[in-house]
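These notes concern the structure reproduced below.
Every read-out reported here was derived from the displayed coordinates using simple, explicitly stated rules and does not represent laboratory data. If you're wondering where the values come from, they're calculated on a predicted model, not measured in any experiment. Cβ placement follows ideal geometry from the backbone for every residue including glycine, while neighbour counts extend to all protein chains displayed.
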């Protein structure tokens, strides 16, 4: 389960590390959907072996052991950061001010 403090900090643009039963996954949160409902999710985009990978995690799932916030951006102007899919890593860092 994810703690209430961490749950509030999981917002688009935040760099997180998610520990689940399959291992760990690190990346940028692109979107958070459905608030605090039973079906609420957050999407994390990271790079595995040089390939962009996205994972959608349900917030209320027993498979997630822990979520660590690594970096928070200076400013994010959008609720969904799907445009980051097309950008290289250097441009992403410039856009988010990381």
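Here are the numbers:
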| quantity | calculated |
| --- | --- |
| Those residues of region 53-72 which are more than 12 Å from the chain's Cα centre (by Cα) and either over 24 Å from residue 37 (Cα atoms) or surrounded by 14 or more Cβ atoms within 10 Å (Cβ to Cβ) (or both), in sequence order | 60, 64 |
| Region 20-40, residues that are within 12 Å of the chain's Cα centre (by Cα) and either in a loop (DSSP other than H, G, I, E, B) or over 15 Å from residue 81 (Cβ atoms) (or both) | 25, 26 |
| Residue check, residue 92 in contact with a helix residue (DSSP H, G or I) (Cβ under 6 Å, 6 or more places away or on another chain) and part of a helix (DSSP H, G or I) | yes |
| Matching residues in region 47-87 - criterion: being within 15 Å of residue 30 (Cβ to Cβ), without any contact (Cβ under 8 Å) to a residue 40 or more places away in the chain, touching a helix residue (DSSP H, G or I) at 6+ places or on another chain (Cβ under 9 Å) and not in a strand (DSSP E or B) | 83, 87 |
